[in-house]
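The values are calculated or read from the model by the stated rules, or taken from the named source; none is laboratory data. Keep in mind it's a predicted model, so treat the numbers as computed, not measured. With ideal geometry, Cβ positions are generated from the backbone for all residues, glycine too; neighbour counts draw on all protein chains shown. All accessible areas refer to the heavy atoms of the entire protein, side chains included, with ligands and DNA or RNA removed. Shrake-Rupley method; radii C 1.70, N 1.55, O 1.52, S 1.80 Å.
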Amino acid sequence: MVKNSKLRYSCGNLTIMILKMCIGKILIAFNAAINFKYRSFRIYTIAYILFTILALKSVLAAEGIEFPKTIAWSAYPTGTGGYSQAVAIGNILQRQYGVNLRVIPGRNDVSRLATLRAGRVHFSAGGSEAVYAQEGLLNFASRIWGPQPVRALMSNYSDSCSFTFAMASDVGVEEISDIRGKRVTWVQGSPSLNNATAALLAYANLTWDDVTPVEVGGYNGSIDAVLNDRADMAGGACNSPPFLRIEASPRGLTFAQFSHDDVDAVNRVREKLPWYVPHVAFEGPTIPDEGIQVFTSAYPFLVGLDSSDESMVYSMVKIMHQHFEEYKDNAPGAGGWILDRQKFEQVFVPFHPGAIRYYQEIGAWTSEAEVNNQKNLHRQSTLKEAWDEFIPSAPEDYEAFEELWLLKRAEALESAGLVTLGEGL
């Protein structure tokens, strides 16, 4: 379990200067106490040291940065863009604050959020699974899950993209409609990846029934399937490092492109995934300087729960914002954490009060952001009420449980005038 004991650390040149001055004075006074024979001076020295430490503690506390000695994130597996970014941010925490960031890779959606709910990590840097957990959909429609009180901290909208199709060049796909009949990876335990695939297939009026699913055990397994000619294409972020393996292979790498001019096709994608937006990606292997037209969502999407410690959330957001220039070039896609890409008015998950406090301090939280946040809180409240009403009489059979819960959920959302997201999931 995550420890609750906290240490406070300073951020800022003034605090560092004071720290150096205090340490220097302590060492001088302590050395004098050792060499001076009078007891009264030793007592004075000890009192002076204690006073200095208390004063220093007050200075550190004034910075508002509050962390345990070690914090933990869950993230996508090693080698992915999300994992690499977490490591880059961890280097800042270690170097500037003496805080260790443990990055725990999760091979699928459930594992990344299970560690968050169990208290093994403080935050999760994942993707759309945070939305599915909020909604109680897909793998989160089971009795042990249901709608979760997810809270947003920060979103990454990079020059890359959160999810698109990386195809082996030798399959000869020119248009999205050419994907019909091709072998597409289906990742066990990753409904967010599989449903994103379904949404992008909808661009060309295709479904999973129109392609050949190739079941794989995890994200990296989908890359291996393409390399081993078990599959023709896999989904992932444009700048995902494993795609370099496909590019370097004899099969070669080609990214699918989704013209934004086809309004009906764009709407079909967004009907399934409202938090996906049309986007031009510039970052990723084989992508030309002019970029390619794709869709994207927040990836990584850094989240906690409503129970996450407010001071720790505030500290995490503050550090990631203030030290952005120091880590933005240290991992693929890290530039997407920049403040002006946070999309407060469009996010589909409510923000944590600790994050809102910091955004208000720097003048970034708008009235439109607050309206959207209240709407998202109302949505979560509606889902929780529906779940609480459903559970006492819910059937034991797994399939019957999920079927009836989805009906109950849809009824509650429709009664509240809220989008159900049920179609195609």
(message) Taking θ = phi - 60°, what integer Hz values does the Karplus form 6.51 cos²θ - 1.76 cosθ + 1.60 yield along the stretch 69-84, in sequence order, with x for Gly and Pro?
(response) 5, 10, 10, 9, 10, 9, 7, 5, x, 4, x, 7, x, x, 5, 4
(request) Could you list which residues have their amide H under 5 Å from that of Gly79, counting only those 5 or more apart in sequence or on another chain, with H placed in the peptide plane? (result) Ser84
(request) Pop out the ³J(HN,Hα) list for the stretch 127-132 in order, Karplus 6.51 cos²θ - 1.76 cosθ + 1.60 with θ = phi - 60°, rounded to Hz; leave Gly and Pro as x. (result) x, 5, 4, 5, 5, 5
(request) Return P(r) of the stretch 213-298 (all Cα-Cα pairs; 5 Å bins starting at 0; whole %; ordered from short to long distances). (result) 3, 13, 22, 19, 20, 16, 6, 0
(request) Would you grab the residues whose amide H sits under 5 Å from the one on Phe351? Only those 5+ places off in sequence or on another chain, please, with H modelled 1.01 Å from N. (result) Ala152
(request) Quick one: grab Rg to one decimal and Dmax as a whole number for the stretch 298-384, Cα atoms only, in Å. (result) 13.4, 41
(message) Placing +1 on the Cβ of each Lys and Arg and -1 on the Cβ of each Asp and Glu in the stretch 355-425, which of Thr366, Ala355, Thr382 has its Cα farthest towards the positive end of the resulting dipole?
(response) Thr366
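Over the stretch 294-336, average the accessible area per residue using a 1.4 Å probe and give it in Å², no decimals.
On the way: 1290 Å² over 43 residues.
Heavy-atom SASA per residue in the stretch 294-336 reads 30 Å².
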(message) What is the percent carbon and sulfur in the accessible area of the stretch 126-202, measuring with a 1.4 Å probe over the protein chains and ignoring ligands?
(response) 46
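Tally Lys/Arg at +1 and Asp/Glu at -1 over every other residue whose Cβ is under 9 Å from the Cβ of Glu135; what's the total?
Combined, the nearby Lys, Arg, Asp and Glu give +2.
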(message) Under 5 Å between amide hydrogens, which residues at least 5 positions from Ile65 or on another chain qualify, with H placed 1.01 Å from N in the peptide plane?
(response) Tyr9
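How would you classify the stretch 169-254 from its alpha-carbon gyration tensor, with a ≥ b ≥ c the square roots of the eigenvalues: rounded for a/c under 1.5, else prolate if a/b is greater than b/c, otherwise oblate?
On the way: a/c = 1.60, a/b = 1.17, b/c = 1.37.
Cα axes put the stretch 169-254 in the oblate bin.
Within a Cβ distance under 13 Å of Pro395, other residues only, what is the Lys/Arg minus Asp/Glu net charge? Mind showing how you got there, number by number?
On the way: positive: Arg143, Lys408; negative: Glu396, Asp397, Glu399, Glu402, Glu403.
After counting each charged neighbour, the total is -3.
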(message) Give me the net charge for the shell around Val121: Cβ to Cβ below 11 angstrom, other residues only, Lys and Arg +1, Asp and Glu -1.
(response) +4
(message) Residue by residue through the stretch 361-376, what is 3J(HN,Hα) from phi via Karplus (6.51 cos²θ - 1.76 cosθ + 1.60, θ = phi - 60°)? Round to whole Hz and write x for glycine and proline.
(response) 4, 9, x, 9, 8, 9, 5, 5, 5, 5, 4, 5, 5, 5, 4, 5
